[in-house]
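Q: My questions will all concern the structure given below.
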Amino acid sequence: MKTSDFYYDLPAELIAQTPLERRDGSRLLCLDRLSGATEHRRFSDLPELLREGDLLVLNDSRVLPARLIGRKESGGTAEILLLRDLGDDTWECLVKPGKSIRTGTRITFGEGELTAVITEVLPDGNRLIRFEYSGVFLEALERLGTMPLPPYIKERLEDQERYQTVYSRATGSAAAPTAGLHFTEELIADIKRRGIEIRYLTLHVGLGTFRPVKTDNILEHKIHSEFVIIPDETKVAVLSAKREGRRVIAVGTTVCRSLESNVMSGTENSGWVDIFIYPGYEFKFADALITNFHLPESTLIMLVSAFAGREKVLAAYKEAIRERYRFFSFGDAMMIK
């Protein structure tokens, strides 16, 4: 199976640059994965599309203000993007400009309340960075950092909370679980009133989610790993729903990958998820999927194609483009059932 099999042509003006005024005002393209039939709705219609007894699983990870701009001790500006917390105040990071930021480089932020020291240059060009600070690291990050918006978003985000879900709780993501950005507290309350169960897991999204597949054969691609915590109550709820024939609806590809991972089917409640889902995969737990529109040739459109069929997904995307849907992180949504 070739990477080019998952290509589609998207007009640049359909890439959403800013969120809508109302989170649930986005459009919702419903796709029947058996017939390929589509229906055009609004996200605010979601409670009507769910059934009593459905189980909705959401990712409650919260995005770090992970982009830091500082000055090198030797002079010049440096940018750091936090990717993964390795403990002992050490993070794996992306840096700019890469060529001048070598092992031993020191970078200061703000008035010097936060300092970074490059301890190692990794083979893929990422850096291991040890941070020095007084007080609480996350508090310093809240003061000095900004949201790490995806590279295809060029507009400034005025309200940083719009890149967080309303139910975000556990800080640790380098990117938002964007399918959840459409939910409001009122919508969640309405869903619960209708007898629909909601449970949470925590998967900290890495920037690897934006990395393109660079191999011609998708089987040669090595997917990024992300850390997930699936609480006991969520595991019990999912297994009960499957046993009783109720639908398990994954809100986002991060939730879908988590449910299909060894963490869900194993005895541990946490672990690294590196499952690569592409057409031919048989889903064990997810019965429906709420998701945004994904980049061409990405691992995410491959996952969605595994869930609904590549031809049906590409046809639905073609229809969405024709109907002028908004794409990617701040764009519209799909419900595949």
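The values are calculated or read from the model by the stated rules, or taken from the named source; none is laboratory data. Just so it is clear, the structure is predicted and the values come from calculations on it, not from any experiment. All Cβ positions, even for glycine, are placed from backbone atoms using ideal geometry, and neighbour counts span all protein chains on display.
Q: May I ask you to say which residue of F285, F276, F330 is aromatic (F, W, Y) and surrounded by fewer than 18 Cβ atoms within 10 Å (Cβ to Cβ)? Write out each step before concluding.
A: Details: F285 fails: surrounded by fewer than 18 Cβ atoms within 10 Å (Cβ to Cβ); F330 fails: surrounded by fewer than 18 Cβ atoms within 10 Å (Cβ to Cβ).
It is F276.
Q: Considering A288, A306, which residue is in the same structural domain as L203 (by TED's automatic domain parsing) and closer than 28 Å to R162 by Cβ? Talk me through it step by step, then tell me what you get.
A: Values: A306 fails: closer than 28 Å to R162 by Cβ.
Step by step, each of A288, A306 is checked, and only A288 is in the same structural domain as L203 (by TED's automatic domain parsing) and closer than 28 Å to R162 by Cβ.
Q: Hey, another quick one. Listed residues L10, L86, L28, L58; which is touching a strand residue (DSSP E or B) at 6+ places or on another chain (Cβ under 8 Å) and over 18 Å from T291 (Cβ atoms)?
A: Answer to the selection: L86.
Q: Could you check region 114-134 and list, in sequence order, the residues that are surrounded by 15 or more Cβ atoms within 10 Å (Cβ to Cβ) and charged (D, E, K, R)?
A: Of everything in region 114-134, those that are surrounded by 15 or more Cβ atoms within 10 Å (Cβ to Cβ) and charged (D, E, K, R) turn out to be R127, R130.
Q: Now for a separate question. If we keep just the residues of region 161-207 that are in contact with a helix residue (DSSP H, G or I) (Cβ under 6 Å, 6 or more places away or on another chain) and among the hydroxyl-bearing types (S, T, Y), which is surrounded by the fewest Cβ atoms within 10 Å (Cβ to Cβ)?
A: T184
Q: Give the residue, chosen from E132, E79, that is part of a strand (DSSP E or B), within 23 Å of the chain's Cα centre (by Cα) and of a type in the set (D, E).
A: On inspection, the qualifying residue turns out to be E79.
Q: Next question, about the same structure. At least 2 residues that are in contact with a helix residue (DSSP H, G or I) (Cβ under 6 Å, 6 or more places away or on another chain) in each: list the strands (runs of 3 or more DSSP E) lying fully within region 219-334 that qualify.
A: Correct list: 248-251, 270-273, 288-292.
Residues checked against (1) modelled with pLDDT of 95 or more; (2) in contact with a strand residue (DSSP E or B) (Cβ under 6 Å, 6 or more places away or on another chain); (3) not assigned by TED's automatic domain parsing to the domain that holds T234:
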| position | (1), (2), (3) |
| --- | --- |
| R162 | yes, no, no |
| V166 | yes, no, no |
| A170 | no, yes, no |
| A174 | no, yes, no |
| F183 | yes, no, no |
| T202 | yes, yes, no |
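Q: Restricting to region 83-136, give me the number of residues that are on the phi > 0 side of the Ramachandran plot and hydrophobic (A, V, I, L, M, F, W, C).
A: Final tally of qualifying residues: 0.
Q: Does E139 satisfy the condition of being among the acidic types (D, E) and either over 23 Å from the mean Cα position of the chain (by Cα) or under 11 Å from L68 (Cβ atoms) (or both)?
A: yes
Q: Let me ask another. Filter region 41-58 down to the residues that are surrounded by fewer than 18 Cβ atoms within 10 Å (Cβ to Cβ) and in a strand (DSSP E or B), then identify the one that is nearest to the chain's Cα centre (by Cα).
A: If we take residues in region 41-58 being surrounded by fewer than 18 Cβ atoms within 10 Å (Cβ to Cβ) and in a strand (DSSP E or B), then R42 is nearest to the chain's Cα centre (by Cα).
Q: Something else about it: Scan region 118-131 and give yes if some residue there is over 30 Å from K242 (Cβ atoms), in contact with a strand residue (DSSP E or B) (Cβ under 9 Å, 6 or more places away or on another chain), among the polar types (S, T, N, Q) and at pLDDT below 95, otherwise no.
A: Yes.
Q: All but one of (1) assigned to a helix (DSSP H, G or I); (2) surrounded by fewer than 12 Cβ atoms within 10 Å (Cβ to Cβ); (3) not β-branched (V, I, T) hold for K214, so report the exception by its number.
A: Every listed condition holds for K214 apart from (1).
Q: On to the next question. Being closer than 15 Å to I336 by Cα, part of a loop (DSSP other than H, G, I, E, B) and of a type in the set (K, R) is the filter here; which residues of region 17-40 pass it?
A: R33
Q: Give me the pairs, please: first residue somewhere in region 317-337 and within 25 Å of D287 (Cβ to Cβ) and of a type in the set (V, I, T), second residue anywhere and at pLDDT 95 or above and assigned to a loop (DSSP other than H, G, I, E, B), beta-carbon distance under 6 Å, and either six or more positions apart or on two chains.
A: So the pair list comes out as I336/R33.
Q: Select, from G125, G112, G180, the only residue that is outside any strand (DSSP E or B) and more than 23 Å from the chain's Cα centre (by Cα).
A: None of the others qualify; the one that does is G112.
Q: Would you please list the contacts, defined by Cβ atoms under 6 Å and residues six or more apart or on different chains, that run from a residue in region 232-252 that is assigned by TED's automatic domain parsing to the domain that holds N292 and β-branched (V, I, T) to a residue that is modelled with pLDDT of 95 or more and assigned to a helix (DSSP H, G or I)?
A: V248/V238; V248/A241; V251/A179; V251/G180
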